[in-house]
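Below: one structure, written as structure tokens.
The values are calculated or read from the model by the stated rules, or taken from the named source; none is laboratory data. Note that the coordinates shown come from a computational prediction; the quantities given were computed from them, not determined experimentally. Cβ atoms come from the backbone with ideal geometry, glycine included; neighbour counts cover every protein chain shown. Areas reflect the complete protein model, heavy atoms only, side chains present, ligands, DNA and RNA absent. Shrake-Rupley method; radii C 1.70, N 1.55, O 1.52, S 1.80 Å.
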Amino acid sequence: TSEPINVVVTGAAGQIAYSLLYQLAAGSVFGPNQPINLRLLDIPVMMTVLDGVIMELEDLALPLLREITPTADPNVAFKDVAAAFLVGSMPRKEGMERKDLLAANAEIFKVQGKALDQHAQKDVKVLVVGNPANTNAWICSHHAPSIPKENFTAMTRLDQNRAQAALAARLNVSVDKVKNVIIWGNHSSTQYPDAAHATVNLQGSTKPVPSVVNDDNWLNTTFVEKIQKRGAAVISARKMSSAMSAAKAAGDHMRDWWIGTKPGEWVSMGVLSDGSYGIPRDIVFSFPVAIENGQYKIVQGLAINDFARSKLNITSKELEEERTEANNVLQNK
Ligand code: NAI
């Protein structure tokens, strides 16, 4: 059996972590032969709640789970970590503008970037879930200069999973028959869920989704809006934001990054733009990626029509604005 790896989860007393921790302990992310030590970071007032979570983790009686370290100190939490799930963030409160949210979180992700820089393994894989996820990932990487920028990613996998499920429902097939739907851009309502390159397996033969759906108006409006607004729909029904599905998506993202994607298949991740598809550099933008040996590559050569281009422009512009605001906040400290 292999040596345990150190994995940190921030916001460990929160609702997403509550579903995520089970998956980590059960081996469904890093594999059934990989023991893990868990570092659980939250803020001081949550330490009692965290004690309860730890009791439950112990009571899972799962053999892969070795040490569990609860802490409110990022310097302890990030020590020698091989993987980091940055879930904790300041939630949006009543009357708070996006700008205020960005400012509060810029500070958190700056602190955590520095702690990663000083304490984490240099090949640490970082997944930012806490919102605004793309810009938080960008801030974090900027404060961790000794760690490659490619190691910082933001989660758009929940959006991808939602899009895949919505297409499967429309086509009346099981979700595993639908592949290669893409989420472009920001994890926000400007994201572009794109079915143009998706395929569906019907009675053993692979067909392009657009020709099977055969309704461009549905794909370009109803479908896009449904995915963009799905998070808000869950909040209005549940009075809390998506947690079970967000945790599952975080597990999917890290597992694919760790273990790889299947040949011919890709997944969407917010990654540092290298200028692919004409997207401005130096923003964390969700692209389709294929993963091998723990390294992702942006899938190249997909045709982008005028409609798609206009959607890509909207979401990249929003990310550039967020970056400007983040820079303002960080410079005024
Ligand atoms: P939650 O409020 O239940 O838990 C957040 C936890 O983070 C709390 O325990 C809080 O004390 C902790 N926290 C706050 N500041 C912290 C800090 N500086 N260090 C460590 N921990 C800190 O929230 P939930 O539902 O677990 O969601 C977490 C985040 O994930 C939110 O920002 C939410 O918007 C985001 N989210 C992102 C999704 C995505 O697709 N990228 C999907 C769903 C949620």
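Return the total of residues in the stretch 233-269 being more than 17 Å from Arg162 (Cβ to Cβ), basic (Lys, Arg) and without any contact (Cβ under 8 Å) to a residue 60 or more places away in the chain.
Matching residues across the stretch 233-269 total 2.
Of the conditions (1) more than 16 Å from the ligand (Cβ to nearest atom); (2) under 27 Å from Ala83 (Cβ atoms); (3) open to solvent by less than 30 Å² (accessible area, probe 1.4 Å), Arg323 clears all except one; give me its number.
All conditions pass for Arg323, except number (3).
Identify all residues within the stretch 20-33 that are at negative phi and touching a Phe, Trp or Tyr at 6+ places or on another chain (Cβ under 9 Å); write none if there are none.
Leu20, Leu24, Ser28, Val29, Phe30
Which of the residues spanning the stretch 233-260 are open to solvent by 50 Å² or more (accessible area, probe 1.4 Å), outside any helix (DSSP H, G or I) and within 11 Å of the ligand (Cβ to nearest atom)?
If the condition is that a residue be open to solvent by 50 Å² or more (accessible area, probe 1.4 Å), outside any helix (DSSP H, G or I) and within 11 Å of the ligand (Cβ to nearest atom), then Met240, Ser241 are the ones that fit.
Please specify each residue of the stretch 296-333 satisfying the condition of being in contact with a Ser or Thr (Cβ under 7 Å, 6 or more places away or on another chain) and either among the hydroxyl-bearing types (Ser, Thr, Tyr) or at positive phi (or both).
Correct list: Thr315 only.
Return a yes/no flag: does the stretch 202-222 have any residue that is within 30 Å of Gly31 (Cα to Cα) and of a type outside the set (S, T, N, Q).
yes
Among the listed residues Met244, Met269, Met240, which satisfies the condition of being modelled with pLDDT under 95, over 14 Å from Leu319 (Cβ atoms) and in contact with a helix residue (DSSP H, G or I) (Cβ under 9 Å, 6 or more places away or on another chain)?
After ruling out the rest, the residue left standing is Met240.
Being touching a strand residue (DSSP E or B) at 6+ places or on another chain (Cβ under 8 Å) and within 16 Å of the ligand (Cβ to nearest atom) is the filter here; which residues of the stretch 14-30 pass it?
The answer is Ala17, Leu20, Leu21, Leu24.
Would you check if Glu318 is within 30 Å of Trp218 (Cβ to Cβ), of a type outside the set (Val, Ile, Thr) and crowded, with 19+ Cβ neighbours inside 10 Å? Steps first, answer last, please.
Working: within 30 Å of Trp218 (Cβ to Cβ): yes; of a type outside the set (Val, Ile, Thr): yes; crowded, with 19+ Cβ neighbours inside 10 Å: yes.
Considered against the rule, which asks whether it is within 30 Å of Trp218 (Cβ to Cβ), of a type outside the set (Val, Ile, Thr) and crowded, with 19+ Cβ neighbours inside 10 Å, Glu318 comes out as yes.
Take the residues in the stretch 159-180 that are touching a residue at least 40 places away in the same chain (Cβ under 8 Å) and not in a helix (DSSP H, G or I); name whichever of them is surrounded by the most Cβ atoms within 10 Å (Cβ to Cβ). Write out each step before concluding.
Let us first name the residues in the stretch 159-180 that are touching a residue at least 40 places away in the same chain (Cβ under 8 Å), namely 159-163, 166-167, 170-171, 179-180.
If we keep only those that are not in a helix (DSSP H, G or I) as well, we get 179-180.
Working: Lys179: 20, Asn180: 23.
If we take residues in the stretch 159-180 being touching a residue at least 40 places away in the same chain (Cβ under 8 Å) and not in a helix (DSSP H, G or I), then Asn180 is surrounded by the most Cβ atoms within 10 Å (Cβ to Cβ).
Scan the stretch 2-13 for residues that are hydroxyl-bearing (Ser, Thr, Tyr) and away from the ligand (no atom under 16 Å from the Cβ) and jot them down.
Of the residues in the stretch 2-13, the ones hydroxyl-bearing (Ser, Thr, Tyr) are 2, 10.
The answer is Ser2, and nothing else.
Given the condition surrounded by 17 or more Cβ atoms within 10 Å (Cβ to Cβ), assigned to a helix (DSSP H, G or I), at negative phi and at pLDDT 95 or above, answer yes or no: does some residue in the stretch 275-293 qualify?
So far as the stretch 275-293 goes, yes, one or more of its residues are surrounded by 17 or more Cβ atoms within 10 Å (Cβ to Cβ), assigned to a helix (DSSP H, G or I), at negative phi and at pLDDT 95 or above.
Can you name the residue in the stretch 31-41 that is open to solvent by less than 20 Å² (accessible area, probe 1.4 Å) and within 15 Å of the ligand (Cβ to nearest atom) and is also nearest to Gln121 (Cα to Cα) among such residues?
So the residue we want is Leu38.
Out of all the residues in the stretch 294-313, which are surrounded by 17 or more Cβ atoms within 10 Å (Cβ to Cβ) and in contact with a Gly (Cβ under 9 Å, 6 or more places away or on another chain)?
Hits for the stretch 294-313 are Lys311, Leu312.
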